[in-house]
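First the structure, in the form of structure tokens, and then the observations on it.
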Amino acid sequence: MQPSGYRQNHPERLDAAFAALADPTRRAILARLALGEASVLELAAPFAMSQPAISKHLKVLERARLISRSRDAQRRPCRLEPLALKEAADWVENYRRFWMESFDRLDEHLQQMQIKEKKYGEREIVITRIFDAPRALVFQAWTDPQHLSQWFGPTVFTNPVCEVDPRVGGAWRIVMRAPDGSEYPCGGVYLEFAEPERLVFTNNSADKEGNPVIDGLTTVLFADEGGKTKLTLRTRGTTMVPYAAAYLAGMEAGWSQSLEKLARQLAKG
């Protein structure tokens with residue numbers, strides 16, 4: 001990947017510079033020349049290698065324009081040529097700047113994603129209740145839309161829409177209506193459907209435009225208690241918008257009222 005607008009004027013010089021810099025001995029030679037000019041013998045001294053071997057490294061550095069050699073009487077001192085190093089450094093800096101700017105944009109994007117997915121509050125409740133009805137009947141009341149519509153939701157609410165697909169992967173959808181006509185759609189998908197013992201389903205609420213308000217998960221256990229049914233409800237809700245915090249505050253009261261309505265419904269037979 002190449003930064004937009006970036007053009008290499010002398011790509012062959014960059015290739016030669018980076019190839020030369022790839023060797024640790026040649027990098028050490030450049031580090032020595034950064035302190036000042038030095039002869040071949042002086043450059044060979046720190047290394048356990050012959051003068052001809054050092055000369056080969058110097059030729060590579062010279063072809064890459066990283067060093068130059070001049071004549072001073074009988075000596076041919078080597079000196080550092082900063083221009084080629086600057087070209088390589090500029091190339092690296094250009095890519096460093098490109099990636100740093102890209103990472104900054106990525107960080108901003110991730111922050112925006114977190115803002116959109118921010119969770120403003122979470123609550124979990126557990127309610128246990130004994131119903132004077134066999135668990136098969138209680139289970140049916142949770143999965144038959146004709147029964148479910150009669151008791152789901154707070155005391156003063158009705159359910160003009162109640163749809164259930166009673167199977168794993170099946171969806172359920174209810175639109176609760178308040179006395180003032182306001183409607184509160186909710187629904188989810190059955191994750192577990194073990195008749196007549198266990199239900200696990202997502203329990204999500206949305207506004208009129210379909211935007212998520214609460215993201216929830218509900219587990220209901222049905223245990224036989226000598227012909228009666230011990231029901232254990234565990235439900236967790238996470239608010240997706242600030243104003244939904246009030247809904248979490250009333251979650252336990254709402255479910256308690258629903259279960260009270262269920263008890264009355266079961267008593268009718």
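No lab work stands behind these numbers, since they all come straight from the coordinates. Treat the numbers as computed from the prediction; the structure is a model and nothing was measured. Here Cβ is always computed from backbone atoms with ideal geometry, including for glycine, and neighbour counts include all displayed protein chains.
Assorted remarks:
- Zero-based 10 Å bins, Cα pair distances in the range 82-204, whole percents: 10, 24, 23, 11, 9, 8, 8, 5, 1, 0
- Note on the chain: along the principal axes its Cα atoms extend 117, 42, 28 Å, ordered by decreasing extent.
- Computed from backbone phi with θ = phi - 60° and the Karplus coefficients 6.51, -1.76 and 1.60, the 3J(HN,Hα) list for the range 187-204 is x, x, 9, 6, 8, 9, 9, 10, 6, x, 9, 7, 10, 9, 8, 6, 9, 10 Hz; x is used for glycine and proline.
- Counting lysine pairs in the chain whose alpha carbons fall under 28 angstrom apart, excluding pairs fewer than 8 residues apart on the same chain, gives 10.
- Unit charges on C-beta of K, R, D, E only; dipole of the range 115-269, Debye: 180 debye
- The range 153-263: proportion of alpha-carbon pairs further apart than 16 angstrom, %: 64 percent
- Residue (of G181, L43, F98) at the positive-pole extreme of the range 43-201, dipole from beta-carbon charges: L43
- Between helix 251-267 and the chain: long-axis angle, C-alpha atoms, 0 to 90°, nearest 10: 40 degrees
- Kirkwood Rh in Å, taken over the range 11-115 so that all alpha-carbon pairs contribute: 15.8 Å
- In units of the compact-protein estimate 2.2 N^0.38 Å, the range 218-263 shows a Cα radius of gyration of 1.44.
- Sites counted here are chymotrypsin sites (Phe, Trp or Tyr not before Pro) in a DSSP loop (not H, G, I, E or B) having no more than 15 other Cβ atoms within 10 Å; the longest part of the chain that contains none of them is 121-269.
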